[in-house]
Amino acid sequence: MGSAPLNQTFEEAIAVTPISSHRYSANLRNDWCIGTVPHGGYTTAVLYRLATTHFAHTHPTRYNETATPISIQLAFIRRTAVGPAILTVEDTKLGARTSTIHVKLSQPREKKQKFGSSSEEEELEVKVAGYITVTPSTAEVGVSTNTGWAVYPPTHPGTGPEGKVNLGNLSSTGQDGEWTRQVAPFPDFRRATQQLELFGPDSKAKKSQVVDQWARFRPGGDQGGRWSNEAVVFLTDMFPMALDGLDSMSAAASGVYAQDTTDKKQLAKFWYPTVTLNIDLTKRMPVEGVEWLYSRVQIKVVRNGRTEIEVAILDEAGETVAFSTQVGLVVSASRNVGKRSML
């Protein structure tokens, strides 16, 4: 009898089912959304799973073990929606050490209401497209050396992945020195943020353009959640404290504040949709996953309604796990509300 999935709720949310050799289906879930739109990191995790599923299903003898993504480049062309999605793969290069596939996630056009009709192909449009490069760990041989790279600017005392933060204290009490459990702003709107626990410096130590965080994965409230390879991809696009800083900067720049004057209810006024996302995965997670991962998030530029953000993810040993860069937009949250249906 096989062991239980590492993160059952997450596994169900990123499930990919073969239809044919190069065509698959998925179902994007509401709990992993920002407003009405599935979160970009979550959508990327689905495409990560597409890559591993495709090689297991269509090219099972290509490598002697599972080939996993080491590089992902995606363009978010149109808004995705909760509901069914069709995933297609083109084998761009099948190599001895690395292979590269072109992937597309398609859903019905927003004005179409019927899914699965005889004219389905005409109703579908590409929402996300890009390239994923995979390799098995057994093919990764060659020189390794310590480059001396470290997060910059340097972390202030008590931060960073080198053990200066007592993760045991964070786990048991939610606090260690100036580090404390963080509450993601606008949880009803940014529902995907409820799938993890975040810890960071208190407000006096925060800098809006640089965010340090330790995170534990909690899909569906599972207190035993662990960071898997797909969950790491999700984490590269998960930085609500940085968005909190962006909220403040955007509000100050636009004169629009996140406050409803009629009922004093805090409302999200801004939405930060991902336009492009590039991820380099430098270390695979063990089969049993890991409990803690550290992120350094840097907001490089906010100009003319466009953002440039860099993220570095490290493990407890201080080893790099992933790097990501993304281009996003700063738009009104009103563009991401109301009922949308792709069914």
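Read-outs: derived from the displayed coordinates by stated rules, not from any lab. Keep in mind the model is a prediction, meaning the values are calculated, not measured. Note that we place each Cβ from the backbone using ideal geometry, even for glycine, and neighbour counts take in every protein chain shown.
Figures for the structure shown
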item: Whole-Hz ³J(HN,Hα) from phi, Karplus 6.51 cos²θ - 1.76 cosθ + 1.60, for the range 88-100, glycine and proline x; result: 10, 10, 10, 6, 6, 8, 10, x, 6, 9, 10, 10, 10
item: Aspartates and glutamates whose Cα lies under 12 Å from that of Lys269, excluding same-chain neighbours fewer than 8 positions away; result: Asp244, Asp247, Asp260
item: All aspartates and glutamates inside 17 Å of Lys127 as judged from Cα atoms, apart from same-chain residues fewer than 8 positions distant; result: Glu90, Glu110
item: Cα gyration tensor, the range 22-98 - rounded (a/c under 1.5), prolate or oblate; result: prolate
item: Under the Karplus curve 6.51 cos²θ - 1.76 cosθ + 1.60, θ = phi - 60°, whole-Hz ³J(HN,Hα) for the range 26-37, x wherever Gly or Pro sits; result: 8, 9, 6, 9, 5, 5, 10, 9, 10, x, 9, 10
item: Amide H partners (placed H, <5 Å) of Ser71, local residues excluded; result: Thr133, Leu281
item: For the range 219-227, Karplus couplings with θ = phi - 60° (6.51, -1.76, 1.60), whole Hz, Gly/Pro x; result: x, x, x, 5, 6, x, x, 10, 6
item: Ellipsoid semi-axes in whole angstrom, largest first, where each is sqrt(5λ) of the Cα gyration tensor of the range 8-137; result: 25, 16, 13
item: Distance from the range 59-83 to the range 4-43 (C-alpha centre basis), Å; result: 12
item: Listed peptides 225-235, 143-153 by packing density, highest first (mean Cβ within 10 Å); result: 225-235, 143-153
item: Amide proton proximity set for Ile77, modelled H, under 5 Å, gap of 5+; result: Val128, Ala129
